[in-house]
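A short write-up of the structure that comes next.
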2 protein chains.
Amino acid sequence: MTTPRDVLTRGLVDHGYWIATGAPGIFGRTARFNAILEGFDALVIDVGREAGAERVEFPPVMDREILRRAGFMESFPELCGSIHGYRAAKGSHLDLIDRVEAGGDWTEYLEQLPLTLSPAACYPLYPSCTGRLPAGGRLFDLSTFAFRAEPSDDPARLQAFRQHENVRLGAPEDVRAWRDAWSGRGLEMLGALGLDARLELATDPFFGRGGRLLAANQLAEELKFEVVVPITSESSPTALCSFNYHEDKFARAFDITTADGGLAHSACIGFGLERVVLALLETHGFDLTVWPARVREAVGL
Amino acid sequence: MTTPRDVLTRGLVDHGYWIATGAPGIFGRTARFNAILEGFDALVIDVGREAGAERVEFPPVMDREILRRAGFMESFPELCGSIHGYRAAKGSHLDLIDRVEAGGDWTEYLEQLPLTLSPAACYPLYPSCTGRLPAGGRLFDLSTFAFRAEPSDDPARLQAFRQHENVRLGAPEDVRAWRDAWSGRGLEMLGALGLDARLELATDPFFGRGGRLLAANQLAEELKFEVVVPITSESSPTALCSFNYHEDKFARAFDITTADGGLAHSACIGFGLERVVLALLETHGFDLTVWPARVREAVGL
């Protein structure tokens, strides 16, 4: 049976936006696709620039120790991409090659390197902020290629995807006010592109039974909101943007204090950039010449 | 003892170009650093655009099967970053968390996913070209965040770095002529930025004893050239750009033929973009205001 997900994926490939690569959720991107993505990205960059954000890009790979300190494996163990490499002490090169050729698992020849893929743009930032924040706190604009080990046939659930985040660190009241202001702005930015966007209270996909308690707390404290837009399903719309209030979670893990010495709070807002492009293509069509003029103009086409 | 490498790394951090992250060869990049990198990148994009290249970006993660078919593990086993993920069948989540907290290796809880990091921009391209090329062949302009598992204190030997490649596929004489033309152009582009650049015959860092034969053949056939510039050592200058003639290696592995049905040949040229920025900063200094006007202008500063 051909599903709406298959139809969208096929359309993205046939209309020259994506190149299939053999792995689920891993696609090459053509200039045609990236022009839309970068056009929207520029709108997010503008917001950060006007607010005086420090713009930083971290590579897609990070120190494994950061995920340990952040407690990532407690909440999202299945999403982490751990990086392993061949070291001669693990076995001979000729045996490794035979194993690779046989097509099996070669784990026994590899050792775990002190690195993981970055599941989100903001993780490597926190340890760089250890210590006392300046008065008023700090604001960052972060871009990265994020990875989550969740193979799917949903073109809006990529394993490797571009994420654009803004992160605010500071006193609790400043951070909460910033997050609340962004919720309205995110809804407005996506609505202005002709998308059927709405703001929803949300939870993270915490793992296992313990995770259900974390999710219930997240809902009760209203820590996470998302702007969702229907892409391949009206009944299960896709989150294009999320707003997360961390309270002192990261400040505690990475020893970040406000100017007056108290534990800082933090919040982040993040856009999944490919999802924004997919929502635009699904809403306005694969033929860019028939997109509403104001949408074309907004994303610089 | 403080080495020239330490001095450069410290300078990059102190002058606000890089953010240290705890892992060797993994640095955050500030807007100040990326402005130079993107300025040079735009020059490379211009060359491809004028030649009619198809511009494509692949994610930093790719199908593991591609490296097997390309014979990558035979030549460079230690450079590959293999990606592994937790699956509940491998052990309980609580046991995994204990292991993570203890700080040891958690490999036994993980399984090898069918994914690796991309060691170069061009690998995922070849399988997308399987079949018959159009008359005249094809030309691609590729960008990616590449990964090589080689921790080093040399700031010019990053584990995660941006690579900008052009790839030509077609008839042998066309491909060789294209590679030769690029060798001169690469030398000229870097020389025009005031860098002490020279072209050298080179070899890849093939693994082990068998690798010495491959390297000898590469030299004898003049398959690889590099443009090198001194960064932290006059006697061991760093390759900023390399030109590789693959003969029919990738066409054979991925069944790519020319329009008349013969095996295609391929060649790639690649810039290590951070290395270009490092060479510029080392040559002209950390204070961009005193850079030669023509260099500032060339990279759009």
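The values are calculated or read from the model by the stated rules, or taken from the named source; none is laboratory data. The structure presented is a predicted model; accordingly, all values stated were derived computationally and were not measured. Heads up, the Cβs are rebuilt from the backbone with ideal geometry, glycines too, and the neighbour counts pull from every protein chain shown. The protein model used for the area step is the full one, side chains on, heavy atoms only, and it has no ligands, DNA or RNA in it. Shrake-Rupley method; radii C 1.70, N 1.55, O 1.52, S 1.80 Å.
What to note about this one:
- Look at (1) more than 9 Å from every other protein chain (Cβ to nearest Cβ); (2) over 17 Å from the mean Cα position of the chain (by Cα); (3) buried (at least 21 other Cβ atoms within 10 Å of the Cβ) and you find that residue A:109 fails only one, number (1).
- Residues satisfying the stated conditions in the range B:118-132, i.e. open to solvent by 20 Å² or more (accessible area, probe 1.4 Å) and either within 15 Å of the chain's Cα centre (by Cα) or aliphatic (A, V, I, L, M) (or both): B:123
- Residue among A:128, A:143 that alone is free of Cβ contacts under 8 Å to residues at least 60 places away in the same chain, under 21 Å from residue A:61 (Cα atoms) and in the same structural domain as residue A:42 (by TED's automatic domain parsing): A:128
- Exactly one residue out of A:73, A:62 is buried (at least 19 other Cβ atoms within 10 Å of the Cβ), assigned to a strand (DSSP E or B) and at the interface with chain B (Cβ under 10 Å from one of its Cβ atoms): that is A:62.
- Those residues of the range A:83-101 which are at the interface with chain B (Cβ under 10 Å from one of its Cβ atoms) and either more than 22 Å from residue B:23 (Cα to Cα) or touching a helix residue (DSSP H, G or I) at 6+ places or on another chain (Cβ under 6 Å) (or both), in sequence order: A:86, A:92, A:93, A:94, A:96, A:97, A:99, A:100, A:101
- Residue in the range B:170-180 that is within 28 Å of residue A:17 (Cβ to Cβ) and either facing another protein chain (nearest Cβ under 10 Å) or of a type outside the set (A, V, I, L, M, F, W, C) (or both) present: yes
- Qualifying residue in the range B:278-301 (condition: of a type in the set (S, T, N, Q), modelled with pLDDT under 95 and open to solvent by 50 Å² or more (accessible area, probe 1.4 Å)): no
- Qualifying position, being within 19 Å of the chain's Cα centre (by Cα), at pLDDT 95 or above, more than 7 Å from every other protein chain (Cβ to nearest Cβ) and open to solvent by less than 40 Å² (accessible area, probe 1.4 Å), among A:48, A:28: A:48
- Of the strands (runs of 3 or more DSSP E) lying entirely inside the range A:133-233, those containing at least 2 residues that are open to solvent by 40 Å² or more (accessible area, probe 1.4 Å) span A:198-201.
- Those residues of the range B:2-17 which are more than 10 Å from chain A (Cβ to nearest Cβ) and not in a helix (DSSP H, G or I), in sequence order: B:2, B:3, B:15, B:17
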